[in-house]
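Novice: Structure in structure tokens, see below.
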Amino acid sequence: MSIENNLKQIHNSLEKLAQSGNYDVEKYSYSLMHQTSQLEYFYCHLVKNGDSHHTYYHISKKPKAHQLAYFNIGRGFPKEMMDGHWCYIVKNMGYKLLVIPCTSLKDDKVSKYEKIIEIQMNNQNTFCMLHLSDMRTLDIQRIDLRKPICQVITPRKDVITFIKETLLS
């Protein structure tokens, strides 16, 4: 298949999705455009001599474990979190971070895969919800550096205990 044929098929699928009225095709197409531009930046501006395995993206402020950073998670399947989200950093693994996406508090319901934590954002204490079922690794290139890195008030040992008890029991 050619790029042109692939793009035509994508266009046809996007048209069908739009006609269904059940999916935000504009956001999805923007997400594809953003990811493509990030890939272009990496492969066309950072990679030297075709050696992408030894090319790394460096950021000015790298978050540490037990902090929150804002990531462009990208688009996945319907039940996965997508687009931009604050994420709790479980572990810094160099150029990848093990993270748990967070959301604001919507109601008082907390499932066994969720935990409310206290954070400090813009010098104000507030709360957010960890969604352990969406835990994943993310490349540091997905961090949105326009957003601040937030401190977590909830003790790290409480979060780690929650992860261990939920995942390993």
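The values are calculated or read from the model by the stated rules, or taken from the named source; none is laboratory data. None of these values were measured; they are calculated from a predicted model. As a convention, Cβ positions derive from the backbone with ideal geometry for all residues, glycine included, and neighbour counts pool all protein chains shown. These area figures cover heavy atoms from the full protein model, side chains too; ligands, DNA and RNA do not enter into them. Shrake-Rupley method; radii C 1.70, N 1.55, O 1.52, S 1.80 Å.
Novice: Identify, by number, the condition in (1) part of a loop (DSSP other than H, G, I, E, B); (2) in contact with a strand residue (DSSP E or B) (Cβ under 8 Å, 6 or more places away or on another chain); (3) under 29 Å from Thr36 (Cα atoms); (4) not aliphatic (A, V, I, L, M) that Thr154 doesn't meet.
Specialist: Of the numbered conditions (1) part of a loop (DSSP other than H, G, I, E, B); (2) in contact with a strand residue (DSSP E or B) (Cβ under 8 Å, 6 or more places away or on another chain); (3) under 29 Å from Thr36 (Cα atoms); (4) not aliphatic (A, V, I, L, M), the odd one out for Thr154 is (3).
Novice: Considering only residues of the stretch 30-74 that are in contact (Cβ under 8 Å) with a residue 60 or more places away in the chain and β-branched (Val, Ile, Thr), which is farthest from Leu130 (Cα to Cα)?
Specialist: Across the stretch 30-74, the extreme among qualifying residues is Ile59.
Novice: Which residues, taken from the stretch 55-79, are open to solvent by less than 60 Å² (accessible area, probe 1.4 Å), aromatic (Phe, Trp, Tyr) and modelled with pLDDT under 90?
Specialist: Listed by number, the list holds a single entry, Tyr57.
Novice: Ser52 - would you say it is among the small types (Gly, Ala, Ser), modelled with pLDDT under 90 and loosely packed, with under 10 Cβ neighbours inside 10 Å?
Specialist: Considered against the rule, which asks whether it is among the small types (Gly, Ala, Ser), modelled with pLDDT under 90 and loosely packed, with under 10 Cβ neighbours inside 10 Å, Ser52 comes out as no.
Novice: With open to solvent by 60 Å² or more (accessible area, probe 1.4 Å) and of a type in the set (Val, Ile, Thr) as the only criterion, which of Thr103, Thr166, Thr137, Thr154 stands out?
Specialist: Being open to solvent by 60 Å² or more (accessible area, probe 1.4 Å) and of a type in the set (Val, Ile, Thr) holds for just one of Thr103, Thr166, Thr137, Thr154, which is Thr137.
Novice: Additional query: (1) in contact (Cβ under 8 Å) with a residue 40 or more places away in the chain; (2) open to solvent by less than 70 Å² (accessible area, probe 1.4 Å); (3) in contact with a helix residue (DSSP H, G or I) (Cβ under 9 Å, 6 or more places away or on another chain): which one isn't true of Lys112, the others all being true?
Specialist: Condition not satisfied by Lys112: (2).
Novice: Anything in the stretch 1-54 that is basic (Lys, Arg) and either outside any helix (DSSP H, G or I) or within 23 Å of Asp144 (Cα to Cα) (or both)? List them, or say none.
Specialist: Within the stretch 1-54, Lys27, Lys48 qualify.
Novice: Among the residues of the stretch 122-132, write down those that are at pLDDT 95 or above and within 21 Å of the chain's Cα centre (by Cα).
Specialist: Thr126, Phe127, Cys128, Met129, Leu130, His131, Leu132
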